[in-house]
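Taken together, the values in this text are just the output of simple stated rules run on the coordinates, not laboratory data. Because the structure is a prediction, the values reported are computed rather than measured. Here the Cβ positions follow ideal geometry from the backbone for every residue, glycine too, while neighbour counts run over all protein chains shown.
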Amino acid sequence: MAKIFYLLKQNNTKTSKIYGKWFARGKTTETLNTRKMANHIAEHGSIYTPDVVFGVLEKFRSCLLEMLLNSKRVKIDGLGIFFTTLENEPGGALRKEDFSPAKNLKALHIRFLPDQEAETNISSREFIKRAEFVNAETFAGQLTEEDKPSNSGGGGNSQGSNQPSNGGGNTGGNTGGGNNGDEDESYGD
């Protein structure tokens with residue numbers, strides 16, 4: 001079974017409604033770049049060499065972006081749908097004729113909606129059933145100083161669930177957020 005590592009963090013924001021509560025924060029062990037992912041795929045009994053797989057992945061990336069920038073959704077069967085959403089500047093335009101993309105649009109987000117077909121369902125509620133959760137503190141010798149447990153700093157998922165709260169997240173909200181880069185977490189209130 002897959003292993004999902006986590007660290008426990010305490011919310012120490014005194015003005016928060018969830019002050020003092022403990023929450024899990026996902027801890028990744030590695031980020032695979034395209035080359036490493038191509039090597040991994042080739043090692044799974046593929047008839048294709050790592051270079052061929054790398055070429056296909058690179059072409060997929062560039063074509064995915066091309067399609068998204070042409071207002072298309074891209075569905076990868078068994079994985080999910082990639083699409084874009086617009087984030088507007090706060091306040092909007094006073095009148096329809098005053099709206100200008102250069103002035104009124106803040107961002108164009110790439111979103112992902114996991115496949116929810118019965119056989120390949122990787123929605124959040126089904127995906128969690130496939131994982132084994134392991135407290136990364138059990139591997140304390142491998143943690144950086146930043147990752148070691150402490151009673152200071154942020155902490156806490158404001159939703160109190162296994163879902164990241166990132167203002168739209170991976171399900172395609174039309175305003176706000178998106179992940180900050182390397183980990184799914186949301187702290188504070």
Work out from phi, with θ = phi - 60° and the Karplus expression 6.51 cos²θ - 1.76 cosθ + 1.60, the ³J(HN,Hα) of each residue of the range 20-25, listed in order in whole Hz, and give x for Gly and Pro. x, 7, 10, 9, 7, 10
Expected unfolding gain across ASN39-VAL52 under the 0.36 nm per residue rule, minus the alpha-carbon gap, is 3.7 nm
Provide the packing ranking of 44-53, 79-88, i.e. peptides ordered by the mean count of other C-beta atoms within 10 Å per residue, highest first. 79-88, 44-53
5 angstrom amide H check on THR84, placed H, neighbours 5+ away: ARG111
Skipping prolines and chain starts, which residues have an amide H placed within reach, meaning under 5 Å, of the one on LEU105, given they are 5 or more residues away or on another chain? GLU89
Over the alpha-carbon set of the range 1-77, divide Rg by the Kirkwood Rh and report the Rg/Rh ratio to two decimals. 1.21
With x for Gly and Pro, the residue-by-residue ³J(HN,Hα) of the range 74-86, computed from phi through the Karplus equation 6.51 cos²θ - 1.76 cosθ + 1.60 at θ = phi - 60° and given in whole Hz, is 10, 9, 9, 3, x, 10, x, 10, 9, 7, 10, 9, 9
Between LEU64 and LYS14, the FRET efficiency computed from the C-beta separation at R0 = 41 Å comes out, to the nearest 0.05, as 0.40
